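For reference, the structure discussed in these notes is given below.
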Amino acid sequence: MRTIELILEDNKDYGTREAFNTLRTNILFSGRDVKTILITSSVAGEGKSTIAFETAVGLARTGKKVLLIDADLRKSAYASRYTKETGLTGLSQYLSGQLELDGVLFATQIPTLNVIFSGPFPPNPTELVGSSAFGELLNAEREHYDYILIDTPPLGLVIDAAVMATACDGAVLVVGAGTVSYHTAQRVTEQLKKSGCRILGAVLNRNRRGKHSKSKYYTSYYGKYAENQ
């Protein structure tokens with residue numbers, strides 16, 4: 001298994017750190033049966049990939065063994081955003097039978113965090129994530145990790161996340177403040193419910209982007225979101 005260095009942002013302000021700590025703690029208290037967690041949103045730009053990545057890093061830094069899977073086979077930003085490595089192999093090549101797991105699994109500078117990137121964009125992403133190979137991957141790897149976090153394409157745009165949700169123990173919905181309407185978020189919630197996947201909660205993400213500053217993410221976590229709507 002090859003080791004790569006991730007680009008980590010460790011200079012977060014207090015509010016951002018506490019928000020991610022809250023999300024991490026809620027996941028830790030979700031129950032021992034919750035190991036495979038899908039993270040999705042309604043539309044692009046709500047911050048789900050940042051939240052998935054930071055949550056995986058946070059869990060790993062507590063000593064939990066974590067596998068982060070970039071399952072957005074359509075428009076992933078992980079390889080360019082979180083590492084300087086190029087030409088990375090990934091999930092699409094594993095699911096299509098081109099590579100074995102060891103060829104797409106990467107260790108990182110955090111000893112308990114491994115990553116599977118999305119890989120080259122395939123012509124049939126929905127078929128790949130809906131294949132038996134995806135479910136078998138999660139079932140096999142749950143024996144080796146405390147948590148497996150799966151970052152998916154926005155469910156309000158494509159069906160991929162709902163397909164993957166059938167193989168997951170729980171889901172977290174990221175809602176960008178001022179980005180989507182209540183009705184859109186509710187429609188996505190209903191799609192997740194129909195998949196039979198337990199909805200662990202929702203993250204309200206307030207992304208403040210200044211003209212000359214880096215993005216800062218302020219998140220709030222609402223447990224059992226779907227049950228209370």
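The values are calculated or read from the model by the stated rules, or taken from the named source; none is laboratory data. None of the values given here were measured: they were computed from a predicted structure. When we count neighbours, we look across all protein chains shown, and the Cβ atoms used for this are built from the backbone with ideal geometry, even at glycine.
What to note about this one:
- Condition met for Ile37 (closer than 20 Å to Leu200 by Cα, at pLDDT 90 or above and not basic (Lys, Arg)): yes
- When region 162-184 is limited to residues that are surrounded by 22 or more Cβ atoms within 10 Å (Cβ to Cβ) and in contact with a Phe, Trp or Tyr (Cβ under 9 Å, 6 or more places away or on another chain), the one that is nearest to Pro125 (Cα to Cα) turns out to be Met164.
- When each of Glu54, Glu18, Glu85, Glu9 is tested for being in contact with an Asp or Glu (Cβ under 9 Å, 6 or more places away or on another chain), part of a helix (DSSP H, G or I) and charged (D, E, K, R), the lone residue that passes is Glu54.
- Hits in region 1-44 (condition: among the small types (Gly, Ala, Ser) and surrounded by fewer than 14 Cβ atoms within 10 Å (Cβ to Cβ)): Gly15, Gly31
- Candidates Ile27, Ile69 - the one that is within 11 Å of the chain's Cα centre (by Cα) and either at pLDDT below 90 or outside any helix (DSSP H, G or I) (or both): Ile69
- Matching residues, region 55-66, being without any contact (Cβ under 8 Å) to a residue 60 or more places away in the chain and under 12 Å from the mean Cα position of the chain (by Cα): Val57
- Residues considered: Ile148, Ile159. Of these, the only one that is within 17 Å of the chain's Cα centre (by Cα), surrounded by 22 or more Cβ atoms within 10 Å (Cβ to Cβ) and hydrophobic (A, V, I, L, M, F, W, C) is Ile148.
- Filter result for Ala140 (loosely packed, with under 15 Cβ neighbours inside 10 Å and either part of a strand (DSSP E or B) or small (Gly, Ala, Ser) (or both)): yes
- Residue within region 94-116 that is closer than 27 Å to Ala202 by Cβ and at pLDDT below 95 present: no
- Hits in region 143-184 (condition: within 23 Å of Arg74 (Cβ to Cβ) and part of a helix (DSSP H, G or I)): Asp160, Ala161, Ala162, Val163, Met164, Ala165, Thr184
- Listed by first and then second residue, the pairs linking a residue in region 187-208 that is acidic (Asp, Glu) to a residue that is surrounded by fewer than 20 Cβ atoms within 10 Å (Cβ to Cβ) and outside any helix (DSSP H, G or I), with Cβ atoms under 9 Å apart and 6 or more places separating them unless they lie on different chains, form an empty list.
- Taking region 97-109 as the range and being in a loop (DSSP other than H, G, I, E, B) and surrounded by 19 or more Cβ atoms within 10 Å (Cβ to Cβ) as the test, the residues that pass are Val104, Thr108.
- Any hit, region 84-96, residues being among the aromatic types (Phe, Trp, Tyr), surrounded by 17 or more Cβ atoms within 10 Å (Cβ to Cβ) and under 21 Å from Ala140 (Cβ atoms): yes
- Among the numbered conditions (1) basic (Lys, Arg); (2) in a loop (DSSP other than H, G, I, E, B); (3) over 14 Å from the mean Cα position of the chain (by Cα), the only one that Lys75 does not meet is (3).
- Inter-residue pairs, beta-carbon under 9 Å, first in contact (Cβ under 8 Å) with a residue 12 or more places away in the chain and farther than 13 Å from Arg81 by Cα and in region 1-16, second of a type in the set (Lys, Arg) and part of a loop (DSSP other than H, G, I, E, B), 6+ apart: Ile4/Lys84
- Output for region 110-125, where each listed residue is of a type in the set (S, T, N, Q), farther than 10 Å from Ser92 by Cα and assigned to a loop (DSSP other than H, G, I, E, B): Thr112
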